[in-house]
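J.: Structure provided below as C-alpha cells; questions to follow.
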There are 2 protein chains.
Amino acid sequence: MNHLEQLQAYLRAHDIDGLVVPSTDEYLSEFTREPYKRLEWATRFSGSTGMAIVLRDDAAIFVDGRYRLQAERETVGLAITVCDTGDAAQIEWLSGKREAVRTLGIDARVTSLNELARLERIGESCGIAVASLAANPIDAIWTDREDALSGSEIFDYALEFAGRSAAEKIDRIAAHLGDRGVAGHLVSDPEDVAWLLNVRTDDCRRLDRQGWQILPIPLTRAFVADDGRTIWFVDAARLAPALRERVAADGIVLREPEAIEPFLRQLPQGRYSANLGRTSAGHAALTRQAGALTDDPVVAHTRWRKTSQEIAAARPGYDKDGLATIRFLAWLHGSIGSQNISEMEAAARLHAFRGEDPAYRGPSMPFMSSAGPSAAMPHYVPKAETALRLNDHPLFLLDSGAQYLGCSTDNTLTTALGRPEARHVQAHTLVIKGWIALATAIFPVGTSSVQLDAIARQPLWDAGMDYRHGTGHGVGNYMNIHEGPHIRPQFDHPMIAEIDLGMIIANEPGLYRQGDFGIRVESHMAVVPGSFEGFLAFETLSALPIDPNLIDPTLLSAAELQWLQDYHRGLWGRYQDRLDEAAAAWLADWVAKFDAMRVAEAT
Amino acid sequence: MNHLEQLQAYLRAHDIDGLVVPSTDEYLSEFTREPYKRLEWATRFSGSTGMAIVLRDDAAIFVDGRYRLQAERETVGLAITVCDTGDAAQIEWLSGKREAVRTLGIDARVTSLNELARLERIGESCGIAVASLAANPIDAIWTDREDALSGSEIFDYALEFAGRSAAEKIDRIAAHLGDRGVAGHLVSDPEDVAWLLNVRTDDCRRLDRQGWQILPIPLTRAFVADDGRTIWFVDAARLAPALRERVAADGIVLREPEAIEPFLRQLPQGRYSANLGRTSAGHAALTRQAGALTDDPVVAHTRWRKTSQEIAAARPGYDKDGLATIRFLAWLHGSIGSQNISEMEAAARLHAFRGEDPAYRGPSMPFMSSAGPSAAMPHYVPKAETALRLNDHPLFLLDSGAQYLGCSTDNTLTTALGRPEARHVQAHTLVIKGWIALATAIFPVGTSSVQLDAIARQPLWDAGMDYRHGTGHGVGNYMNIHEGPHIRPQFDHPMIAEIDLGMIIANEPGLYRQGDFGIRVESHMAVVPGSFEGFLAFETLSALPIDPNLIDPTLLSAAELQWLQDYHRGLWGRYQDRLDEAAAAWLADWVAKFDAMRVAEAT
C-alpha cells in the first residue's frame, strides 16, 4: 500500500470523511523542513507549495501553474487528480463530492487562521463543513522521522548586522501595543522571532534532500506583552553561551517550545494581536478564549524596513557575491568552448566560487541552473539524472543566491553561450529595458508595490510579451530571500504594501517560451530617498553583469544605454583588481562592448 | 439655535450619546439629492462627500483633503472640528471622547453594511459601541422638505442605446445566481437598477442648488430571483406609457417603493446576495433573517463592461461634445483679448454651445470652471459672488461634461490665456506625456486598474511632481460619470478591479500648485482589443484639442509628438467642415503649431 492508500484506510477506519493536507508545517513555513513534509509523504509531490484534499476513496492535489507538470509526473501511479490551485478549482472538485463528504478535517496546527477562513468559505459554497481534527492522521501513520535541525545551535546575531538591539526592537513593539490598547502580541512567524530577538542559526549550510533551501533561523515562537515582557518558546539547550547571557541580560524569559499552548490557555482576559496570516488556527482559537485577537503584522512590517546600518551591513555580501558571479561567468565563457558542462556542474562551480570566501554560509535558495528549455520553467531546479548540457543551447539562465551574515543574495543571470538568435536578443533587451525602468524609477512616498509592477513590464507589453510571475519581492538579511512587499500584479495579494525607506526588494522581470528558452535578470535594490522631497528611489545593490551579446542597442533609449555603460564601468572599477588575468580580460571585453554601443537615431 | 445645536439638544432630550451623519442618502447615492442632504443641514458643509459625528456637547466633521478648506469656511460659527477623513482621524477624535459617549447611533437606512462594519471596527478600537437608532434624529427636526424629482417620469431606455434588452440582462444575472446556488439578488444601487431594467429619467436637465449634477436615473431598487422573476420597487405612476407596456411584457412585477422592507422581511429561508458596498445595513439585516447574504457586485461589474453596441451608441455623444468644446475654445481665444470673462460666464458659454444641439440633455457634472489659483483646487466649482476673471490669469482649466442618450461625457481642458511661463509649459507637457502614455498603453488581459496608475504619473514623478487624485474612473452611458474600475494608487480601494473589454475609463492626470495654478487634461477611453493576442489597449473617445502653446516639444519623444500631430490632424479632418470661419481658422492654427514642432536631437 502506498502512503496515500494507507492514509485513506486510516480515514475509513476512523470514520473521517476527508483531510486537507497543506504543504505548510506547524510554523506555517514557506519552505517546509524534511520531517514535516506531510504533503510529499502522502502524494510524492515535492514542490514547495501545494495542497491536497484526501477523501476515503478519492483525492486531489491543487498546485499552481509552475508545478502542474511536476505534480503530474510525481503522482504517476497514485489515484489522485492534479488540479489548479485556487478557490474556483477547489469548489469545483469538492462540489462533485458532496455525497462522499459531509465534513472535511483539517489540522489546526498547520493551517493558518486566514487559510481556515478560506476553507470555510469554500466549504460553505459546497455545502461541506470544515472541522479541526484532534490529531493529524498522517502523524499517526508516519512515525519514523526526526528533525536533524531541531537541536542546531542558535547564536546571537551581532548588533553590527542587526542594526538595532533586541531590547530596542521589543520596546518599539511594546509601545505599539500600548498605543493600540493591546495587552500582548503573539509572534508566530519564526522569521519575525529571529529578527525581533536577533538570533540566527547555521542551518543554511546545505540544501535539503529535494534541493530546497533551509533558512538560517530557528523554528520558534515568542510573546511580547505591552510592558515589554517577552517570552521565547525555545529549547534553551540550543542557545550558544553568549546568546544565553545576552537574552538573560535583556530579561527575555525562556520557555520550552511545548509550553506555548498551556501559556495561551492561561492568558488573562484582554485584547491580543498577531499576524493572522502566519498564526495557526489552533493558536488563534486558544488566544481568542482570552479575548479579542486582531490581525497586526507589525513585526513583519517593521522588519521589512531595514535601518541604514542593516543596509550598510548587507553591502559586503552583495560585493562578495558579485565577485563570485563575475568569476563564474568568466570561467563559464572561457570553458564552454572546450568542455561539456551540465546544469548541475555549472551550479556546483558557482557554489565553489562563492565558497572560496569564508564569509559564505551557504545557499539562500536552490540553484535554478537552467539551459535552453529548462529556463522556460521559472522555478526549474535540475536533478542529476535529467540535467541538460549547457553546450547544447544558446541561452543559459542561473538563479541562485548566498547567505552571508548581514545579507541574503538572490540573483539571476541570463547569458548567451551559443550564438543567440534575433528573438533571444530582442526579448532579452526588452527585459533589460524593464529592469532598468524599475531600477531607475522615482516615486512618491506612499506608492504601493502593485503600482510599480507595470513599470518593469511595459517594454514587454509594448511588444505583446509578458511574464507570469511577480516582478519583485522583499528580501531579508541572513534570513528568507522572500518577504514583503511584493511587486506583483495581484492587488489583493497579502504581500502588497507601501514601499518604504530601507526595504530591500528584488527586481526580476523575465520572458519565457515553453519548450524553447527562458530569460530572467534579477538584482536586489534598496529603497533610498529620491532626489526630490517626498520621493523615493531604488539603489541597485547587486553587482551582476548583463550580457552585451544579448543587447540590441537600437531598442534602447540614450538614457538606458548610458545607464548600462555607467553600471558596467562601475563593475570594472570595483572588481578589476580582484580578478585574475583571464577573468579581468573577459570583464573588460563586456564593458568595452557596452561602451561601443550606439542607440538608433531619433526620427 | 442653529441646526447643529438643535440636533444636540435633541440628542440630550432623547438620551442619545451621539450620531453619525454621513453625506449619503437612503440609496447610498454618490451625489445626494436636495432633501436628503442631512450632513449639509446639520453642518452647512455642501461638498459631495463627508461624514460628521455629533455628540451632545461636541462635534467633528471628517472630509478629504480637497474639501478641507471649504469645510472650514462653511462651518465658521459652528462648534464643530474639521478633521481629515479616514479611520485614523476618526479613531483619534473618538478616543478622546470615551467619557462622553458609550454608544454611537447610526441610521441603518443611510449606512452601507460595509460602512457599518468599518464604524464597528473603529468603535472597537475606542471602546465605543455602535448601534442602529430606531429613527434618524435629523428627520424628527427637519420636517419641511420635499423631493421635487421623486415623481419625475421614468422612460424606456431604447435598445439602440442599451445594447441588450432588460430580459436578456435579467436572464444573465439569474443564470449567475443559479451557478452560485443563490436564491435571489437584491439590486440596491439605483444605477444597477437603471442599467438592468433599461430605464432612465430626464432628471439631469439641470444642476441642483449647490451646483451638483443630478443623475438621469430613478432612485429605485429591484430584486431578481434565480428563476429570473424580477420585482421593481417603484412608484408605478412615474412610468411612461411605453415603459409600462414593456416592463409588463418582460414580466417585471411592480411594487411600491415602501414595499421593499416588508418584502425582505418575508423572504423565504435561503441564500441571497447583494452588492454590500451599496446595500444599506438595514436592508442587509432584514435579508439576513432569511439566511446567508453574500457580497456580489455582479450587476455593477456586468454594467461596466459595455457591449460593442453600447460603445457605438456613445460615439455620437463624444463627437457632439468635441464640437461644442472646440467652438467654445475658439470663442474663448477670440474673445479674451477684448472682453472680461468670468469663470461663471465661461461655464455658461460652454453650456450654451452644447445646448445648440438638441441631443444635449444636461450637464453630467458641475462646471469646474477655474482660472489661475481656482484650478489648484481639483474640485473647485465657481460661485457667482466669488468667481475669478479669466483675463487675470495665464492658465484656465475647465472640467465639465454632458449627458446624451447613450453617452455621458466628462472632459477637462487646460489652456493658456495670458502668456504662460516656463513652469506652466513644463508641467503641462509632463501631464500630457502621462496622458499619452496611458492612452497608448498596451497591457495583458487580467491587468488590474491599480497597475496602470503609475503609467500616467511616471513623467511627473521623474521631475519630482505628482497629483493627489486618481488617474481615472469608469464612466457610465447616460448614467453616472463615476463608476468602476478606478485607475488610482490605493490598492485596497473597492473600485480597483481588472480592466476588461468594453469598459469606458477616464484618463485625467494633472498637476496643482496651491494658490497659483492647476493643470488637468481629461478624456475618455474605451478598452479595446490590443494588437497582440491576449492583450488590451485603449481607444480615446473624447475629441479634445490640447493647447500647443503649453507644449515644450523638447520634452517629448518622437513617438509622443507623432501621436499629438496625428491626433490633431484627426480633429481637423473630423470638424473642419462643421466650424464657422473663425473657429476653423483657430483650430487650423493649433493643428499647424503641432505640425511645426520638432523634438530634441538624441544625444
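The values are calculated or read from the model by the stated rules, or taken from the named source; none is laboratory data. This one's a predicted model, so the numbers in the text were calculated from it and none came from an experiment. Note that each Cβ is placed from the backbone with ideal geometry, even for glycine, and that neighbours are counted across all protein chains shown.
J.: Across the range A:167-189, what is the total count of residues that are surrounded by fewer than 21 Cβ atoms within 10 Å (Cβ to Cβ) and within 22 Å of A:Ala236 (Cα to Cα)?
T.: 1
J.: Right, next: Before we move on, is A:Gly418 outside any helix (DSSP H, G or I), at negative phi, more than 11 Å from every other protein chain (Cβ to nearest Cβ) and buried (at least 21 other Cβ atoms within 10 Å of the Cβ)?
T.: no
J.: Please list, ordered by first then second residue, the pairs with beta carbon atoms under 6 Å, 6 or more apart or interchain, first in the range B:173-184 and within 13 Å of another protein chain (Cβ to nearest Cβ), second small (Gly, Ala, Ser).
T.: The qualifying pairs are B:Val182/B:Ser273.
J.: Condition check: within 13 Å of another protein chain (Cβ to nearest Cβ) and among the hydrophobic types (A, V, I, L, M, F, W, C). Does A:Ile442 satisfy that?
T.: Criteria met by A:Ile442.
J.: If a residue has to be in a helix (DSSP H, G or I) and either at pLDDT 90 or above or of a type in the set (D, E, K, R) (or both) to count, how many in the range B:92-107 make the cut?
T.: Number satisfying all stated conditions: 3.
J.: Count, please, the residues in the range A:589-603 that happen to be more than 34 Å from the chain's Cα centre (by Cα), away from chain B (no Cβ under 14 Å) and in contact (Cβ under 8 Å) with a residue 12 or more places away in the chain.
T.: Number satisfying all stated conditions: 2.
J.: Farther than 20 Å from B:Ser280 by Cα, of a type in the set (Asp, Glu), outside any helix (DSSP H, G or I) and not assigned by TED's automatic domain parsing to the domain that holds B:Ala384: which single residue out of B:Asp179, B:Asp208 fits that description?
T.: Values: B:Asp179 fails: outside any helix (DSSP H, G or I).
Sole residue among the options that is farther than 20 Å from B:Ser280 by Cα, of a type in the set (Asp, Glu), outside any helix (DSSP H, G or I) and not assigned by TED's automatic domain parsing to the domain that holds B:Ala384: B:Asp208.
J.: Residue check, B:Asp453 against (1) at pLDDT 95 or above; (2) touching a strand residue (DSSP E or B) at 6+ places or on another chain (Cβ under 7 Å); (3) away from every other protein chain (no Cβ under 14 Å), all met but one. Which one?
T.: (3)
J.: Restricting the range B:120-170 to residues that are within 14 Å of another protein chain (Cβ to nearest Cβ) and among the acidic types (Asp, Glu), which is farthest from B:Lys97 (Cα to Cα)?
T.: Taking the candidates together, the pick is B:Glu120.
J.: Take the conditions more than 14 Å from chain A (Cβ to nearest Cβ) and crowded, with 22+ Cβ neighbours inside 10 Å and apply them to B:Val521. Does it pass?
T.: Considered against the rule, which asks whether it is more than 14 Å from chain A (Cβ to nearest Cβ) and crowded, with 22+ Cβ neighbours inside 10 Å, B:Val521 comes out as yes.
J.: For the subset of the range B:572-587 comprising residues that are aliphatic (A, V, I, L, M) and in contact with a helix residue (DSSP H, G or I) (Cβ under 7 Å, 6 or more places away or on another chain), which member is nearest to B:Leu430 (Cα to Cα)? Quick ask: steps written out before the conclusion?
T.: Looking only at the range B:572-587, we keep the residues that are aliphatic (A, V, I, L, M), and these are B:579, B:582-585, B:587.
Those still in the list that are in contact with a helix residue (DSSP H, G or I) (Cβ under 7 Å, 6 or more places away or on another chain) too: B:579, B:582-584, B:587.
Details: B:Leu579: 30, B:Ala582: 30, B:Ala583: 28, B:Ala584: 28, B:Leu587: 23 Å.
Checked the range B:572-587; the qualifying residue nearest to B:Leu430 (Cα to Cα) is B:Leu587.
J.: Assuming A:Val224 fulfils every condition listed in (1) buried (at least 23 other Cβ atoms within 10 Å of the Cβ); (2) in a helix (DSSP H, G or I) apart from one, which condition is it?
T.: (2)
J.: Please give the number of the condition A:Gln269 fails out of (1) without any contact (Cβ under 8 Å) to a residue 60 or more places away in the chain; (2) of a type in the set (S, T, N, Q); (3) touching an Asp or Glu at 6+ places or on another chain (Cβ under 9 Å).
T.: Evaluating A:Gln269 over (1) without any contact (Cβ under 8 Å) to a residue 60 or more places away in the chain; (2) of a type in the set (S, T, N, Q); (3) touching an Asp or Glu at 6+ places or on another chain (Cβ under 9 Å) leaves (3) as the failure.
J.: Right, something else. Would you check if B:Ala371 is within 23 Å of B:Trp586 (Cβ to Cβ), buried (at least 23 other Cβ atoms within 10 Å of the Cβ), touching a His at 6+ places or on another chain (Cβ under 6 Å) and modelled with pLDDT of 95 or more? Before you say what the answer is, go through the steps one by one.
T.: Numbers: within 23 Å of B:Trp586 (Cβ to Cβ): yes; buried (at least 23 other Cβ atoms within 10 Å of the Cβ): yes; touching a His at 6+ places or on another chain (Cβ under 6 Å): yes; modelled with pLDDT of 95 or more: yes.
Yes.
J.: Checking A:Glu533 against (1) touching a strand residue (DSSP E or B) at 6+ places or on another chain (Cβ under 6 Å); (2) assigned by TED's automatic domain parsing to the domain that holds A:His428, which single condition isn't satisfied?
T.: (1)
J.: Do we find a residue being farther than 17 Å from A:Gly434 by Cβ, modelled with pLDDT of 95 or more and outside any helix (DSSP H, G or I) anywhere in the range A:571-592?
T.: yes
J.: Please find, within the range B:51-77, the residue that is surrounded by the most Cβ atoms within 10 Å (Cβ to Cβ) out of those that are among the aliphatic types (A, V, I, L, M) and touching an Asp or Glu at 6+ places or on another chain (Cβ under 8 Å).
T.: So, considering only residues that are among the aliphatic types (A, V, I, L, M) and touching an Asp or Glu at 6+ places or on another chain (Cβ under 8 Å), the one surrounded by the most Cβ atoms within 10 Å (Cβ to Cβ) is B:Val63.
J.: So, one more: Residues B:Ala79, B:Ala59, B:Ala42: which one is in a loop (DSSP other than H, G, I, E, B) and not assigned by TED's automatic domain parsing to the domain that holds B:Thr220?
T.: On inspection, the qualifying residue turns out to be B:Ala79.
J.: Do you know which of the residues in the range A:458-516 that are acidic (Asp, Glu) and within 13 Å of another protein chain (Cβ to nearest Cβ) is surrounded by the fewest Cβ atoms within 10 Å (Cβ to Cβ)?
T.: Among those that are acidic (Asp, Glu) and within 13 Å of another protein chain (Cβ to nearest Cβ), it is A:Asp492.
J.: Please state which one of B:Ile138, B:Ile80, B:Ile128 is crowded, with 19+ Cβ neighbours inside 10 Å and without any contact (Cβ under 8 Å) to a residue 60 or more places away in the chain.
T.: Exactly one of B:Ile138, B:Ile80, B:Ile128 is crowded, with 19+ Cβ neighbours inside 10 Å and without any contact (Cβ under 8 Å) to a residue 60 or more places away in the chain, namely B:Ile128.
J.: What do you reckon, is B:Leu69 over 27 Å from B:Thr279 (Cβ atoms), in contact (Cβ under 8 Å) with a residue 40 or more places away in the chain and assigned to a helix (DSSP H, G or I)? Outline the logic, then answer.
T.: Values: over 27 Å from B:Thr279 (Cβ atoms): yes; in contact (Cβ under 8 Å) with a residue 40 or more places away in the chain: yes; assigned to a helix (DSSP H, G or I): yes.
Yes: the conditions hold for B:Leu69.
J.: For A:Ser308, indicate whether it is touching a strand residue (DSSP E or B) at 6+ places or on another chain (Cβ under 6 Å) and at pLDDT 95 or above.
T.: So A:Ser308 does not fit the description; no.
J.: Being within 14 Å of chain A (Cβ to nearest Cβ) and within 19 Å of the chain's Cα centre (by Cα), is that true of even one residue in the range B:528-539?
T.: The answer is no; no qualifying residue exists.
J.: Where residues in the range A:3-35 are among the aromatic types (Phe, Trp, Tyr) and surrounded by fewer than 21 Cβ atoms within 10 Å (Cβ to Cβ), which of them is farthest from the chain's Cα centre (by Cα)?
T.: A:Tyr10
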